[in-house]
Amino acid sequence: MIKAWTARTTVHGLLVLASLYSVLPLIWLVTASTKSLAEFSTTSAFSFSHWNLGTNLRQLFSQEGGVFLDWIRNSLLYAGLGAVLGALICAGCGYAIAKLDFPGRRTLFAVTLTGVLVPTSALALPMYLLATQLHVVGTFWAVFVPLLTNPFAVYLARVYADSAVPNELIEAARTDGSSEPPTFFTIALPMMRPGVVAVLLLQFVRIWNDCFLPLVMLTDPRLFPMSLGLFQWSAKVIQFPQYSPLVITGSLVAVVPLVVAFLVLRRQWRSGLAAGSVR
């Protein structure tokens, strides 16, 4: 009895520590966004002082000719379109590996699993050289196209399709004369919806937070996503302290779409992750 109580207490304590580790930086971000530059050094980390959030937001959206608005637009394009198209591509790839019988299917899946182990930084130079050959360096497409694929998302889609879509249903559709694309979009994809939503959220978060690929591919600040733009501003803080409120307030704005996406799709992604873990 005492051992069980000790184990529960230890687990609960670890969960509390993990929650504080996750929540405290966000609380600090909210409180710090309400402070002026002078109040950063005169107030405690988690205390509110004079409400300066409105002024910080106005300065954020007017800095350098309103470039932050361009960064918001670019992030929404990269992450929004990239997540939707990427989720469809990964779901289609996972479904094909799970349900279609073609030569090299096992080898292709093994290569996909190997791709999960390759760090993004190792692919940056090859992708840059390829983009140079295609003459797209410094353009929207140099960042957008490589973000449409994700080996880990393909793996999740494959695992989910293998169990969520019955083989008998696919065979019945083929017997009725349905070709593979209509079968996937009308039968398999609706049954894979929770898993696809989980993949979509993973894609959205990955693209939204990605800074390395845009740093390699882009030179025009008007094409930067928020992650890269705020990184460039943070590098100026040492020489220009007035950028500190801009970076902190911009980081708060950058967190809002992630929170909204998780809240709106929370039921779908929870069921998708739970089902995938059971399978």
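Of note:
- Most mobile of THR31, THR183, THR107 in a GNM of the chain (Cα contacts under 10 Å): THR107
- The C-alpha atoms of the chain define a longest principal axis, and helix 53-62 lies at about 70 degrees to it.
- Residue of PRO151, PRO214, PRO166 that the Gaussian network model of the chain assigns the largest fluctuation, springs spanning Cα pairs under 10 Å: PRO166
- Apportionment of accessible area to carbon and sulfur, the chain, percent (1.4 Å): 70 percent
- What the pair-distance distribution of the stretch 140-273 shows, using all Cα-Cα distances binned every 5 Å from zero, is 2, 9, 14, 14, 15, 13, 10, 8, 6, 4, 3, 1, 1, 0 percent.
- About its Cα centre, the dipole of the chain is roughly 620 debye, where the only charges are +1 on Lys and Arg Cβ and -1 on Asp and Glu Cβ.
- Which label in [x] 34, 21, 16; [y] 40, 28, 17; [z] 34, 25, 14 gives the computed semi-axes √(5λ) of the Cα gyration tensor in Å: [y]
- Per residue, the chain exposes an accessible area of 57 Å² to a 1.4 Å probe, with every protein chain left in place.
- Residue-averaged [θ]222 nm for the chain, counting only DSSP H segments that reach four residues, each worth -39500 (n - 2.57): -22500 deg cm²/dmol
- Heavy-atom accessible area order for THR132, THR149, THR249, largest first, 1.4 Å probe: THR149, THR132, THR249
- Solvent-accessible surface (1.4 angstrom probe) belonging to TRP28, in square angstrom, nearest 10: 100 Å²
- Acute angle (nearest 10 degrees) that the helix 243-264 long axis makes with the longest principal axis of the chain, alpha-carbon atoms: 30 degrees
- The stretch 27-108, relative contact order [Cα under 8 Å, separation at least 6], %: 17 percent
- Shape category assigned to the stretch 189-239 from the gyration tensor of Cα positions, a/c cut at 1.5: prolate
- Per-peptide average of other Cβ atoms within 10 Å, ordering 90-97, 186-193, 171-178 highest first: 90-97, 186-193, 171-178
The values are calculated or read from the model by the stated rules, or taken from the named source; none is laboratory data. Everything numeric in this text was worked out from a predicted model, so none of it was measured. For neighbour counting, all protein chains shown are included, and Cβ atoms are generated from backbone atoms with ideal geometry for every residue, glycine included. Only protein heavy atoms, including side chains, enter the accessible area calculation; ligands, DNA and RNA are left aside. Shrake-Rupley method; radii C 1.70, N 1.55, O 1.52, S 1.80 Å.
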